[in-house]
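One structure is given below, encoded as structure tokens.
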Amino acid sequence: MFLSVKWRHPELVEYWVDEARLAAFRRGQKLPDAMLAKTPSATPIRVLEFGGHYGKKRLQAFHHDCERRGSPYEIW
């Protein structure tokens, strides 16, 4: 995902916050793979998740979490 963002939108790379940096700010909450934001605690520009083989329930849970937070997202 990072390489695709870097290639398609290089101006957004400075906002890349990976899962490891997010973990401390998302204890007891859903933890996305990455997000584009000014800081790990900031409101995201976009939430990014690698969906792979996610089932319907897991996709719905991710959608509902982002919807509740008002966060735009992409599932890869």
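Which pairs have Cβ atoms under 7 Å, sit 6 or more apart or on different chains, and link a residue in the stretch 47-61 that is charged (D, E, K, R) to one that is open to solvent by less than 50 Å² (accessible area, probe 1.4 Å)?
Glu49/Pro32; Glu49/Asp33; Glu49/Phe62
Considering each residue of the stretch 48-76, count those that are in contact with a Leu (Cβ under 8 Å, 6 or more places away or on another chain) and aliphatic (A, V, I, L, M), and give that number. Explain how you work it out, then say what you get.
Within the stretch 48-76, the subset in contact with a Leu (Cβ under 8 Å, 6 or more places away or on another chain) is 48, 51, 73-76.
When the remaining residues are screened for being aliphatic (A, V, I, L, M), the result is 48, 75.
Counting residues in the stretch 48-76 that are in contact with a Leu (Cβ under 8 Å, 6 or more places away or on another chain) and aliphatic (A, V, I, L, M) gives 2.
Taking the stretch 7-16, which residues are free of Cβ contacts under 8 Å to residues at least 24 places away in the same chain and in contact with a strand residue (DSSP E or B) (Cβ under 8 Å, 6 or more places away or on another chain)? Spell out how you get there, then give the answer.
Step one: list which residues in the stretch 7-16 are free of Cβ contacts under 8 Å to residues at least 24 places away in the same chain, which gives 7-11, 13-14, 16.
Selection gives Trp16 alone.
Tell me which of these Asp33 doesn't satisfy, since it passes every other one: (1) without any contact (Cβ under 8 Å) to a residue 12 or more places away in the chain; (2) touching a helix residue (DSSP H, G or I) at 6+ places or on another chain (Cβ under 6 Å); (3) among the charged types (D, E, K, R).
Condition not satisfied by Asp33: (1).
Anything in the stretch 28-71 that is closer than 24 Å to Val13 by Cβ and of a type in the set (Ser, Thr, Tyr)? List them, or say none.
Thr39, Ser41, Thr43, Ser71, listed by residue number.
The values are calculated or read from the model by the stated rules, or taken from the named source; none is laboratory data. Note that the structure is predicted; figures quoted are calculated from it, not measured. Every residue, glycine as well, gets a Cβ built from its backbone with ideal geometry; the counts of neighbours run over all protein chains shown. Surface areas here come from the heavy atoms of the whole protein model, side chains and all, with no ligands, DNA or RNA. Shrake-Rupley method; radii C 1.70, N 1.55, O 1.52, S 1.80 Å.
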